[in-house]
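Quick notes on the structure that follows.
Every read-out reported here was derived from the displayed coordinates using simple, explicitly stated rules and does not represent laboratory data. Since the structure is predicted, the reported quantities are computational estimates derived from the model, not experimental observations. Using ideal geometry, Cβ is built from the backbone for each residue, glycine included, and neighbour counts are taken over all protein chains shown.
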Amino acid sequence: MSKSSEPKEKFRTMIGGQALIEGILMRGPHKDAVVVRTADGLKVEVTPRKLNKPGTYKTWPFFRGIFNFLDSNIVGVKALMHSADLAPEEMQEEPTKFDLWLEKKLGNEKFQQAIMTLAVIMGLGLSILLFFLLPMVVSSFFDKWIGNNLLLNLFEGLIRMAIFLIYMFAISRMGEMKRVFSYHGAEHKTIRCYEAGLPLTVENVRTQTRLHPRCGTSFLLVVMVISILVFSIASSALLAIFPSLGAMRSTAWYRIIMIVFKLLLLPLVVGITYEINRWAGCHDNWFTKILTAPGMWMQNFTTNEPDDSMIEVAIRAVNEVLPEQEGADRW
């Protein structure tokens, strides 16, 4: 836990980022910036953001959360792979024979696109498998003893939370992840400093807390809580509409149907969670403090205190994405 005091926000910014290998991805209202510390100094790449046109279905409430989530994953994976290419040689892995063969067949550009697409699919697939499919499968074997649909979904949610907490604790203990989590801490501290209206200097950033209420960790935890509610309501409605499913409760087919049904509900869960987090980010009251408290606690595992060189990277990343018009980045 950071010993620094809670900063006084003068405003809340929509600027946010992601820790990379020896760097940070920072996303502003109009630009994305990837800043990586290489052997030759800071490598900076700034690209314009591809924003959805106002009024289109991609900007509608609930829909926008799904598209923003997918966009964040794609941009994040691309930046992470790019930072791995720019990282010092001792941190890079030698390409395998398969990698070299695939690059030769597809060409460098198509190879990079193929690897990025595969990485996004594998990342989302692993998350769904580990945090949703596995808890669903495990809890389904207890439906003989837990007849109440709400209790069964609550039990499934508890399994999901347990797996998530164990996973986060495990990766926080990995040596190679400690520096990544330190960059995560640098990103949070710099945003805190910016929102407090202080000049972005190493000295000012260093005194800030590394915990931030609008972190992606909070989003994931709220996803798990919302999934309990959505799955409970939706599965109860499904059983009410198709009462014959209740007679199949102890069969494998029933488990398969319910698992597929809940997987189809995941976009809805993401959309609802996005709107809740968006609302919580605009308000400061006892309810939002309770809502963000678990995510703040989890950041004790997903962030570490950065050194000054990491803070310099974060400051540069924020400065690169600041809007030309002051206040255009307000949440």
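The residues of segment 275-331 that are within 21 Å of residue 14 (Cβ to Cβ) and in contact with a strand residue (DSSP E or B) (Cβ under 7 Å, 6 or more places away or on another chain), listed by number, are 313, 314, 316, 317, 318, 320, 321, 329, 330, 331.
Take segment 284-329 and flag every residue that is surrounded by fewer than 15 Cβ atoms within 10 Å (Cβ to Cβ) and among the aromatic types (Phe, Trp, Tyr). Correct list: 286, 287, 297. Taking segment 193-278 and the helices (runs of 4 or more DSSP H) fully enclosed by it, the elements with 1 or more residues that are of a type in the set (S, T, N, Q) and over 24 Å from residue 58 (Cα atoms) are at 202-206, 216-241, 244-247.
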